[in-house]
Amino acid sequence: NAGVTQTPKFQVLKTGQSMTLQCAQDMNHEYMSWYRQDPGMGLRLIHYSVGAGITDQGEVPNGYNVSRSTTEDFPLRLLSAAPSQTSVYFCASSYLGGGNEQFFGPGTRLTVL
Amino acid sequence: GNSVTQMEGPVTLSEEAFLTINCTYTATGYPSLFWYVQYPGEGLQLLLKATKADDKGSNKGFEATYRKETTSFHLEKGSVQVSDSAVYFCALTAPGETSGSRLTFGEGTQLTVNP
């Protein structure tokens, strides 16, 4: 199993550009989510999905869009990048249910100039 | 809403010292509690968990006990090693959410262990 994979590892954007961060998992997990990690703030939930065709907003959804057309893939789209979106982004997946371990990808480090 | 508070860092210890990282939480009902660890340049991985009151999670010499009366889940290790240097996150999932899988994280505690 590859687990949770994310691409790219690093990305530099200019303000106003758009891009898609890719996330895929091969564990047949129903639940997938995107977090951003900023110094001193832990991880904050951006969007999540409980299955194909179902997505919902997390704590900090503004400026981001998601879709879930398959169980495996959960891309995160930045519509018009802003410097405040400079961060490290992590994708995670798990089986549904509160006590289950979430598996994290290696992260994407995004810089917006 | 749900929240997790961790002791402020960073924490610097010498090898073989005793480690405690405090974690307290606020949540409705009976949450599941987790400690995740992030080694430099990597994603997070589960260190241990407890899903009901008085449960003790343990892994790699680390332990934490789910204390409902003090709403705490403090992480301990009796003798730390240089390889334990990492960022540690306390987290919870709470029942009653639209998705029981939604994790709420503390701010993270940076641990550095010197030889």
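Selection of segment A:82-94 for residues being of a type in the set (F, W, Y) and either at the interface with chain B (Cβ under 8 Å from one of its Cβ atoms) or touching an Asp or Glu at 6+ places or on another chain (Cβ under 6 Å) (or both) yields only A:F90. Taking segment A:24-43 on its own, how many of its residues are surrounded by 21 or more Cβ atoms within 10 Å (Cβ to Cβ), more than 8 Å from every other protein chain (Cβ to nearest Cβ), among the polar types (S, T, N, Q) and under 21 Å from A:G98 (Cα atoms)? Within segment A:24-43, residues that are surrounded by 21 or more Cβ atoms within 10 Å (Cβ to Cβ), more than 8 Å from every other protein chain (Cβ to nearest Cβ), among the polar types (S, T, N, Q) and under 21 Å from A:G98 (Cα atoms) number 1. Of the residues A:K9, A:K14, the single one that is within 12 Å of another protein chain (Cβ to nearest Cβ), touching a residue at least 60 places away in the same chain (Cβ under 8 Å) and either over 28 Å from B:T5 (Cβ atoms) or touching an Asp or Glu at 6+ places or on another chain (Cβ under 8 Å) (or both) is A:K9.
Residues checked against (1) of a type in the set (S, T, Y); (2) closer than 19 Å to B:S101 by Cα; (3) assigned to a strand (DSSP E or B):
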site	(1), (2), (3)
A:Q17	no, no, no
A:L21	no, no, yes
A:N28	no, yes, no
A:R44	no, yes, yes
A:T55	yes, yes, yes
A:N62	no, no, no
A:T71	yes, yes, no
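Residue check: B:A53 meets all listed conditions (1) in contact (Cβ under 8 Å) with a residue 40 or more places away in the chain; (2) part of a loop (DSSP other than H, G, I, E, B); (3) within 14 Å of chain A (Cβ to nearest Cβ); (4) not hydroxyl-bearing (S, T, Y) but one, namely (1).
Here is a check on your reading of the model: is B:L19 in contact with a strand residue (DSSP E or B) (Cβ under 6 Å, 6 or more places away or on another chain), over 20 Å from A:A92 (Cα atoms) and surrounded by 14 or more Cβ atoms within 10 Å (Cβ to Cβ)? In short, yes. Residues in segment B:6-16 that are part of a strand (DSSP E or B) and either at pLDDT below 95 or surrounded by 16 or more Cβ atoms within 10 Å (Cβ to Cβ) (or both): B:Q6, B:V11, B:L13.
Beta carbons closer than 8 Å, at least 6 apart along the sequence or on distinct chains, pair a first residue in segment A:44-64 that is within 13 Å of chain B (Cβ to nearest Cβ) with a second that is part of a strand (DSSP E or B) and of a type in the set (D, E) for A:H47/A:D56; A:Y48/A:D56; A:S49/A:D56; A:V50/A:D56.
The values are calculated or read from the model by the stated rules, or taken from the named source; none is laboratory data. Bear in mind that the values here come from a model prediction, so they are computed numbers and not experimental data. Neighbour counts are summed over all protein chains in view; Cβ atoms, including those assigned to glycine, are modelled from backbone coordinates with ideal geometry.
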